[in-house]
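The values are calculated or read from the model by the stated rules, or taken from the named source; none is laboratory data. Not measured: the values here are computed from a predicted model. Ideal geometry is used to build each Cβ from the backbone, glycine not excepted, and the neighbour counts take in all protein chains shown. To get the accessible areas, we keep the full protein, side chains included, count just its heavy atoms, and leave off ligands, DNA and RNA. Shrake-Rupley method; radii C 1.70, N 1.55, O 1.52, S 1.80 Å.
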Amino acid sequence: MNADGRTRLNQTPEWTALAKHREELADTHLRDLFAADPARGTGYTLRVGDLYIDYSKHLVTDETLRLLRELAAATDVFGLRDAMFRGEKINVTENRAVLHTALRAPRDAVIDVDGENVVPAVHAVLDRMSDFADRVRSGEWTGHTGKRIKNVINIGIGGSDLGPAMAYEVLRSFTDRALTVRFVSNVDGADLHEATRDLDPAETLFIIASKTFTTIETITNATSARQWLLAALGDEAAVAKHFVALSTNAEKVAEFGIDTANMFEFWDWVGGRYSYDSAIGLSLMIAIGPDRFREMLDGFRIVDDHFRTAPAEANVPLLLGLLGIWYGNFHDAQSHAVLPYSHYLSKFTAYLQQLDMESNGKSVARDGRPVEWQTGPVVWGTPGTNGQHAYYQLIHQGTKLIPADFIGFAEPVAELSEELKAQHDLLMANFFAQTQALAFGKTAEEVRAEGVPDELVAHKTFQGNRPTTTILARELTPSVLGQLIALYEHKVFVQGAVWNIDSFDQWGVELGKVLAKRVEPALTEGADVPGLDASTKALVAAYRELRGRS
Ligand SMILES: O=P(O)(O)OC[C@H]1O[C@H](O)[C@H](O)[C@@H](O)[C@@H]1O
């Protein structure tokens with residue numbers, strides 16, 4: 001038993017049963033599974049909202065799915081889910097509620113944290129954001145000199161960057177094209193330089209996004225942005241018209257010099273990587289408008305409701321989470337590829353990397369004891385067609401098992417010309433062809449039958465049996481984006497619940513931050529930093545020499 005009263009995961013009978021079942025299936029090929037069940041292609045599918053989910057090309061049978069659901073039941077995934085939705089402090093190491101779902105709750109919902117209903121505050125901020133976004137979009141909110149705001153720059157990092165940056169890209173065709181919206185995250189001065197070099201400060205609004213408002217990269221970039229603005233406008237008072245803050249920390253916002261009247265608030269029960277549907281989404285809301293932002297929230301809510309109420313057999317986030325566990329814990333898969341067949345989803349996987357890897361990249365259980373089972377996978381991927389001409393070789397014929405999600409849309413984006421829309425069928429032909437090739441491969445007999453010389457047969461054979469999920473929707477809309485993100489949020493939740501880890505803290509990012517602060521004086525002043533190891537010391541010396549400082 002654990003300190004939290006739970007049997008160690010890998011000692012449960014459900015785990016052992018899955019390990020045994022895995023052995024029994026060792027020689028089963030997807031070709032066999034499809035041959036045995038002609039209805040598999042339609043039977044192994046689910047719908048949630050506008051999403052059609054095909055999981056038939058997975059190395060699973062009804063029995064596998066039953067055993068996986070038993071594991072979920074034994075680990076009380078739904079119990080933890082209900083505790084999350086109720087606002088219980090399931091982020092145990094930070095003693096916090098986990099309530100990103102409250103960010104998209106309807107106005108009349110009641111969700112208490114420490115005896116207070118948080119929903120009215122959520123809607124009050126959304127209303128203020130909407131009002132502000134409308135004023136910027138209409139030109140009513142002007143810069144210090146009276147010029148209209150034409151450029152919006154979000155300065156933030158991690159969860160205060162990836163969400164809005166990704167969603168802006170995804171929903172580009174819904175944005176006000178007259179506005180230039182950019183995202184600066186890297187403390188490398190080149191990032192801010194490139195984002196501002198062709199802009200007029202008098203027309204530029206900076207949105208400083210930071211949950212804590214202590215993140216050194218963001219504060220450094222925000223300070224430089226203020227200097228850039230003041231160098232041009234020369235008046236401290238200009239800051240009030242060109243800087244707004246998105247944060248949970250009013251004190252630090254005021255300390256930085258932004259009037260808290262220009263601050264949009266969120267709360268410690270919203271994790272950074274779960275925050276882009278909070279005030280952190282302000283840049284996105286300015287770009288797409290409040291109505292579309294709310295459509296996106298509605299999309300999130302569709303999947304929240306589904307996750308909360310659908311029975312285990314039809315629960316899509318549960319299914320996707322369990323499939324990941326099947327491969328990561330019982331097939332030794334180390335990574336998970338997310339391969340969108342949409343140019344607009346180019347930053348989607350980067351966003352998921354933080355969502356998944358910061359949440360489930362843990363090696364101690366909730367009781368603080370080391371886990372004896374694999375936890376979160378390496379998540380990676382880029383838009384699929386480009387990947388096909390680069391790394392798909394390894395997915396098709398390499399030695400590693402890489403389960404993958406394929407995400408595609410039936411309709412091209414509305415604003416494309418007819419000629420460009422005509423390319424969509426070719427895009428989607430690739431989409432369908434790839435999962436077929438991955439699942440079914442090409443046997444040596446088939447290769448031989450094509451007249452391939454004997455010495456090349458092995459090279460041209462595709463083993464197949466590579467599992468994929470296909471996620472298909474009619475079109476890419478704000479609602480569909482919300483649905484997709486909520487789907488992955490809850491998938492990550494399911495996996496963390498089974499693994500019995502805290503998916504909502506991120507202590508693993510702290511050490512590097514502390515060391516960076518300690519190392520900096522060694523770079524700038526040549527200070528003798530105590531505790532520097534021999535390798536780092538030599539590297540610092542080389543750096544100083546290269547910069548002509550020694
Ligand atoms: O929003 P902030 O407080 O500036 O934090 C920005 C990011 O930095 C941290 O180091 C965490 O790893 C992330 O979870 C967070 O999203």
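What is the dipole size for the range 152-244, taken about its Cα centre, with +1 at each Lys and Arg Cβ and -1 at each Asp and Glu Cβ, in debye to the nearest 20?
Working: 7 positive and 12 negative charges, 45 e Å.
Taking the Cα centre of the range 152-244 as origin, the dipole is about 220 debye.
Given Cβ point charges of +1 (Lys, Arg) and -1 (Asp, Glu) and nothing else, what value in debye, to the nearest 20, does the dipole of the range 43-189 about its Cα centre take?
Details: 19 positive and 21 negative charges, 148 e Å.
So the magnitude is around 700 debye.
What is the pair-distance distribution P(r) of the range 39-148, computed from all Cα-Cα distances in 5 Å bins starting at 0, with each bin given as a whole percent?
Percent of Cα pairs in each bin: 2, 9, 11, 11, 11, 12, 12, 11, 9, 6, 3, 2, 1, 0.
How big is the antiparallel share of DSSP beta bridges in the chain, given as a percent to the nearest 5? Please list the in-between numbers first.
Numbers: 13 of 43 bridges.
Close to 30 percent.
Which value in deg cm²/dmol, rounded to the nearest 500, describes the helix-derived mean residue ellipticity at 222 nm for the chain, given -39,500 (n - 2.57) per DSSP H run of n ≥ 4 and division by the residue count?
Working: 24 runs with 254 residues, N = 550.
For the chain, the value works out to -14000 deg cm²/dmol.
At 1.4 Å probe size, with the rest of the protein present, what percent of the exposed accessible area of the range 490-550 is carbon and sulfur atoms? Intermediate results must be reported in sequence, preceding the final value.
Working: 2130 of 3580 Å².
Summing carbon and sulfur atoms, their accessible area is 59 percent of the total for the range 490-550.
In percent, how large is the relative contact order of the chain, given Cα pairs closer than 8 Å and 6 or more residues apart?
Details: 904 pairs, mean separation 102.3, N = 550.
Over the chain, the number comes to 19 percent.
Relative contact order, percent, of the range 442-529 when contacts are C-alpha pairs under 8 Å separated by at least 6 residues? If you can, show how the numbers build up before the last one.
Working: 28 pairs, mean separation 12.4, N = 88.
So the answer I get is 14 percent.
What accessible area per residue comes out for the range 173-224, rounded to a whole number of Å², with a 1.4 Å probe?
Details: 2110 Å² over 52 residues.
Solvent-accessible surface per residue comes out at 41 Å².
Which chymotrypsin sites (Phe, Trp or Tyr not before Pro) from the range 37-138 combine a DSSP loop assignment with at most 13 other Cβ atoms within 10 Å?
Details: sites: Tyr44, Tyr52, Tyr55, Phe78, Phe85, Phe132; in loops: Tyr44, Tyr55.
Within the range 37-138, no chymotrypsin sites (Phe, Trp or Tyr not before Pro) qualify (loop, at most 13 other Cβ atoms within 10 Å).
Give the accessible area for Arg197 in Å² (nearest 10); use a 1.4 Å probe, count only protein heavy atoms, and leave out ligands, DNA and RNA.
So the heavy atoms of Arg197 present about 150 Å² to solvent.
Read phi for every residue in the range 27-42 and hand back ³J(HN,Hα) as whole Hz from Karplus 6.51 cos²θ - 1.76 cosθ + 1.60, θ = phi - 60°, with x for Gly and Pro.
Karplus-based 3J(HN,Hα) across the range 27-42 equals 9, 8, 9, 4, 4, 5, 5, 6, 5, 6, 9, x, 8, 4, x, 9 Hz.
How large, in percent, is the carbon and sulfur part of the accessible surface of the range 358-402 at a probe radius of 1.4 Å?
Details: 1270 of 2300 Å².
Summing carbon and sulfur atoms, their accessible area is 55 percent of the total for the range 358-402.
Structure shown: which of Lys252/Lys517; Lys362/Lys537; Lys89/Lys211; Lys89/Lys347; Lys147/Lys241 lie over 22 Å apart, alpha-carbon to alpha-carbon?
On the way: Lys252/Lys517 19 Å; Lys362/Lys537 29 Å; Lys89/Lys211 19 Å; Lys89/Lys347 31 Å; Lys147/Lys241 11 Å.
Pairs exceeding 22 Å: Lys362/Lys537; Lys89/Lys347.
How much accessible area per residue does the range 339-476 have, counting only protein heavy atoms and a probe of 1.4 Å, in square angstrom? Before the final figure, lay out each step's value.
Details: 6860 Å² over 138 residues.
Per-residue accessible area for the range 339-476 comes out at 50 Å².
Evaluate the charge dipole of the chain about its Cα centre and quote only its size in Debye, nearest 20, assuming +1 on the Cβ of each Lys and Arg and -1 on the Cβ of each Asp and Glu. Working shown, then result.
Values: 54 positive and 74 negative charges, 102 e Å.
Computed charge dipole of the chain: roughly 500 debye.
Specify the inter-centroid distance of the range 66-144 and the range 201-249, based on alpha-carbon positions, in whole Å.
About 27 Å separates the Cα centre of the range 66-144 from the one of the range 201-249.
Run the reach check for Lys442 against aspartates and glutamates, Cα to Cα strictly under 12 Å, same-chain hits fewer than 8 apart removed. What comes back?
Correct list for Lys442: Glu450.
Rolling a 1.4 angstrom probe over the protein heavy atoms, how many square angstrom per residue are accessible across the range 505-550? Don't skip to the answer; put the middle values down first.
Details: 3500 Å² over 46 residues.
Result: 76 Å² of accessible area for each residue.
Compute the Cα gyration tensor for the range 101-237, then decide on rounded, prolate or oblate, letting a ≥ b ≥ c be the square roots of its eigenvalues: rounded whenever a/c is under 1.5, prolate when a/b is larger than b/c in the other cases, and oblate in all that remain.
Working: a/c = 1.85, a/b = 1.55, b/c = 1.19.
Judged from the Cα gyration tensor, the range 101-237 comes out prolate (a/c at least 1.5, a/b above b/c).
Normalised by the residues of the range 404-494, what does the relative contact order come to in percent, with Cα pairs under 8 Å and at least six apart? Let's see the in-between values first.
Values: 82 pairs, mean separation 38.0, N = 91.
With pairs under 8 Å counted, the relative contact order is 42 percent.
Put Tyr391, Tyr341 in order of accessible area, largest first, 1.4 Å probe: what do you get? Could the numbers behind the result be given before it?
Working: Tyr391 55, Tyr341 5 Å².
From most exposed to least exposed: Tyr391, Tyr341.
Given a 1.4 angstrom probe, I'd like the percentage of the accessible area of the range 1-136 that is carbon and sulfur, rounded to a whole number. Write down the numbers at each step before the final one.
Working: 3150 of 6370 Å².
So the carbon and sulfur contribution to the accessible surface is 49 percent.
Assign one of three labels to the range 1-76, namely rounded, prolate or oblate, based on the Cα gyration tensor with a ≥ b ≥ c the square roots of its eigenvalues; rounded applies when a/c is under 1.5, prolate when it is not and a/b is larger than b/c, and oblate otherwise. Let's see the in-between values first.
Details: a/c = 3.93, a/b = 1.57, b/c = 2.51.
Here the range 1-76 falls in the oblate category.
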